[in-house]
1. Using θ = phi - 60° and the Karplus curve 6.51 cos²θ - 1.76 cosθ + 1.60, what whole-Hz ³J(HN,Hα) does each residue of segment 261-267 get, with Gly and Pro shown as x?
2. Taking all protein chains in place and a 1.4 Å probe, what share, in percent, of the accessible surface of the chain do carbon and sulfur account for?
3. Around Thr83, which amide H atoms from residues at least 5 apart in sequence, or from another chain, sit under 5 Å from its own amide H, with H modelled in the peptide plane?
4. Using alpha carbons only, how many degrees (0 to 90, rounded to 10) separate the axis of helix 275-287 from the longest principal axis of the chain?
5. Given the pairs Lys65/Lys323; Lys63/Lys98; Lys65/Lys98, which span a C-alpha to C-alpha distance of over 20 angstrom in this model?
6. Each residue of segment 18-32 in turn: what ³J(HN,Hα) in whole Hz from Karplus with 6.51, -1.76, 1.60 and θ = phi - 60°, glycine and Pro shown as x?
7. For segment 113-223, what does the alpha-carbon gyration tensor say about shape, rounded, prolate or oblate, given a ≥ b ≥ c as the root eigenvalues, a/c under 1.5 as rounded, and a/b over b/c as prolate?
8. Please work out how much length the chain gains when fully extended from Glu291 to Thr56, using 0.36 nm per residue of separation minus the C-alpha to C-alpha distance, in nm with one decimal.
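The values are calculated or read from the model by the stated rules, or taken from the named source; none is laboratory data. Here the structure is a predicted model, which is why all the values come from computation and not from measurement. For neighbour counting, all protein chains shown are included, and Cβ atoms are generated from backbone atoms with ideal geometry for every residue, glycine included. The area values use the complete protein model at the heavy-atom level, side chains included, leaving out ligands, DNA and RNA. Shrake-Rupley method; radii C 1.70, N 1.55, O 1.52, S 1.80 Å.
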Amino acid sequence: MRVLFLESHSMWLDGLPNGFRDAGHEVLVSGSLTEKNIPAIISEYSPDLIIMLGWTEEHVGIKRKWIREHVTTTGIPFVYWATEDPIHTNVLTVPFIKQVRPRFVFTVSKEMVPYYESLGFPSAHLDFGYHPCIHKREEKLDGYACSIAVVANAYPGVIKVYPQFYRLQSLRTLISPLLKAGYRVDFWGSRWTEMEEILGCRLPREYVHGYLPYPEAYKVYNSADIVLGLQNTTSQVTMRTYEILGSGGFLLTSNTPAVTDLFEPGQHLAVAATPEETVETVQYYLDHPEEREKTRRQGQTAVACHSYKHRAESIVHLLRQRKIL
């Protein structure tokens with residue numbers, strides 16, 4: 001089957017498209033969309049399935065009109081994967097799908113499936129995953145070696161706009177207590193220097209390393225003794241949850257139902273429900289490297305069934321079951 005991805009952002013190109021290739025399909029990624037190249041690509045490639053995913057520059061402004069005119073009207077099955085749910089469902093996902101009219105909507109949030117169905121869009125749950133060629137186990141690298149690491153963008157603006165956002169609780173459970181207890185935490189990602197009010201303390205400049213290209217994140221996951229993984233909701237896990245485990249990193253994350261439904265604490269990863277538990281857990285695993293090593297190896301094994309090859313196979317199976325393909 002020929003699959004066309006209308007996308008240009010590296011964060012998405014290294015994931016699901018590679019999963020479809022691994023599953024034996026032919027894949028083309030469009031790159032930046034223009035009014036002229038959309039119909040040209042479709043005509044020349046003649047795809048059996050067209051997919052858009054995430055939220056990038058390919059989803060905004062006039063491009064929605066071009067997609068509606070040149071994609072939806074072809075009759076080729078066109079599906080959208082809503083990865084910004086549930087935080088941005090009404091702000092981003094719903095306006096987009098109402099304008100471009102995909103045949104099917106996948107969402108990372110199980111609870112959003114009935115909502116999309118009520119809007120007239122056939123829908124199903126599709127979780128994040130990881131690709132083993134991008135998120136992989138390698139030796140520690142000196143430039144990334146540290147005791148405790150965070151790889152994430154800070155999103156201070158989003159947290160202030162959505163104070164009920166679970167990420168705030170995750171930050172204050174996993175990161176703030178360690179900083180206040182005097183632990184060094186190394187940060188890769190944008191806008192961490194703007195988080196003093198939210199974290200309750202100022203980050204020393206030497207702790208903050210700035211933006212890290214997506215394909216290089218595995219280097220930190222491999223090189224840190226402990227990787228802190230923030231969660232955005234209690235009902236689903238973040239993409240980095242799979243990617244840290246897939247890279248063979250030792251993950252400490254929030255104790256949520258979604259995490260413990262997928263993985264076993266103490267066997268595949270570590271979890272904390274309170275600031276005190278975070279400090280105790282970090283100190284225990286820093287003091288017991290053999291336990292840390294055993295857990296991270298078991299975690300990498302446990303996450304293997306969540307590769308993007310598995311996600312691609314699930315997409316094809318479900319679309320055939322629902323008579324879309």
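1. 6, 9, 9, 9, x, x, 10
2. Numbers: 6790 of 13730 Å².
On the chain, the fraction of accessible area on carbon and sulfur atoms equals 49 percent.
3. Gly54
4. 80
5. Numbers: Lys65/Lys323 26 Å; Lys63/Lys98 14 Å; Lys65/Lys98 11 Å.
Distance filter (> 20 Å) returns Lys65/Lys323.
6. The phi angles translate into 5, x, 5, 4, 4, 7, x, 9, 8, 10, 10, 10, 5, x, 4 Hz.
7. Details: a/c = 2.62, a/b = 1.31, b/c = 2.01.
Here segment 113-223 falls in the oblate category.
8. Working: separation 235, 0.36 × 235 = 84.60 nm, distance 3.98 nm.
My answer for the length gained is 80.6 nm.
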